[in-house]
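The values are calculated or read from the model by the stated rules, or taken from the named source; none is laboratory data. Only a predicted model underlies this, so the values are computations on that prediction, with no experimental measurement involved. Using ideal geometry, Cβ is built from the backbone for each residue, glycine included, and neighbour counts are taken over all protein chains shown. To get the accessible areas, we keep the full protein, side chains included, count just its heavy atoms, and leave off ligands, DNA and RNA. Shrake-Rupley method; radii C 1.70, N 1.55, O 1.52, S 1.80 Å.
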Amino acid sequence: MEFCVTKHKTMDSLTGNTVLVLGGSTGIGLAVAKLAAAQGAKVSIVSSNQQKINEALKELPAGSQGFVVNLADEAAIKAFFATADAIDHLVYTAGENLQLSETATLDIAAATKFWNIRYWGAVAAVKYGAPKIKGSIVLTAGSAGTKPGKGWGVGTSICAAVEAHVKVLALELAPVRVNVVSPGMVMTNLWDNIPGKEEMYEQAAASLPVGFVAKPEDIAASYVHLMAQRYITGQRILIDGGWVLM
Ligand SMILES: NC(=O)c1ccc[n+]([C@@H]2O[C@H](COP(=O)([O-])OP(=O)(O)OC[C@H]3O[C@@H](n4cnc5c(N)ncnc54)[C@H](OP(=O)(O)O)[C@@H]3O)[C@@H](O)[C@H]2O)c1
């Protein structure tokens, strides 16, 4: 019995692995970097802002690295991976603050740009990063891809597109595994553009089946699971406190 437990722990451990988190300076990405490091990985983070990276590195073990790359810029992503070391796992959690608009009032030019980081940035990171990746890729979508709401046309479409693309990538990049985490509401900077966000959290907590709104740490374990579980590919983990059931 003891042997089985030990064996299981070894399979799920990230000890000795290298993990690169694109969008790892705050929120979900930073929580993933911290948990991966706690499970024995050597972590690197990427974001567009050196100051935020410096702050994040204070929360990560000595030896962790940070790089400034604008993930809305394909050329910058290509240049970054041209000189990057080989890695075991790539995690993509980058995204700017939300912009919600009903279709009747949608600014199409702004909406077009809104695809750049969450969708095209992820696709470019996979395209240019794939030759360096030995183990797995975990992308990020959101529960909006499953449960629509008024004003969420673009956000819902991006989430659904990432989830669909992951299945194709799992075939194209095999044996590298490719999966996606789709969080529901999580307390991060992402909601800073939304007026009354604290009240929104309270209302959501009262109505969600689990009775609370997640913190980034509540989501991070799903990314680590997808990195460490070597028999899963092309799949989504929806982690939303029961939101899509309501
Ligand atoms: N929070 C939620 O409720 C929720 C729900 C569903 C899905 N998600 C998704 O989860 C992902 C992570 O979001 P979060 O909630 O953790 O928000 P967050 O704390 O704002 O994290 C976003 C990360 O993306 C980075 N980033 C933004 N623009 C960038 C750029 N041009 N180049 C490089 N990095 C950039 C940010 O760093 P810098 O600002 O330093 O560049 C930061 O590290 C997003 O894709 C989001 O859509 C979040």
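A few comments on the model shown:
- Surface share of carbon and sulfur [accessible, 1.4 angstrom probe, percent] for the chain: 58 percent
- With Cα atoms as the point set, the range 41-158 shows a radius of gyration and Dmax of 15.9, 50 Å.
- Computed from the alpha carbon atoms alone, the convex hull of the range 9-110 holds 127 Å³ per residue.
- Neighbourhood charge, 14 Å Cβ-Cβ cut-off, centred on Phe80 and excluding it, Lys, Arg +1 and Asp, Glu -1: 0
- Note that the range 1-139 presents 52 Å² accessible area per residue, ligands and nucleic acids not counted, probe 1.4 Å.
- Average 1/r across all pairs of distinct alpha carbons in the range 105-148, invert it, and you get the Kirkwood radius: 12.5 Å.
- Cleavage-rule hits, GluC sites (Glu not before Pro), the range 60-168, DSSP coil, Cβ neighbours within 10 Å at most 10: Glu102
- Computed from the Kirkwood radius of its Cα pairs, the Stokes-Einstein diffusion coefficient for the range 162-246 at 25 °C and 0.890 mPa s stands at 171 µm²/s.
- Sequence-ordered 3J(HN,Hα) estimates for the range 180-191 from the Karplus curve with 6.51, -1.76 and 1.60 and θ = phi - 60° stand at 9, 9, 10, x, x, 5, 10, 6, 9, 4, 3, 8 Hz, glycine and proline given as x.
- Computed on the Cα atoms alone, the convex hull of the range 175-225 gives a volume of 95 cubic angstrom per residue.
- The largest-to-smallest principal axis extents of the Cα set in the range 99-246 are 44, 37, 24 Å.
- Helices of the chain meeting both criteria, an alpha-carbon length of 24 angstrom or more along the long axis and an average Kyte-Doolittle score not below -1.0, with helices taken as full DSSP H segments, are 153-172.
- The 3J(HN,Hα) values that the Karplus relation (6.51, -1.76, 1.60; θ = phi - 60°) gives for the range 135-143 are, in residue order, x, 8, 10, 10, 9, 10, 10, x, 5 Hz. Gly and Pro appear as x.
- C-alpha center-to-center spacing [the range 73-133, the range 157-173] in angstrom: 13 Å
- Per residue value of the accessible surface for the range 191-246 (all protein chains in place, 1.4 Å probe), Å²: 59 Å²
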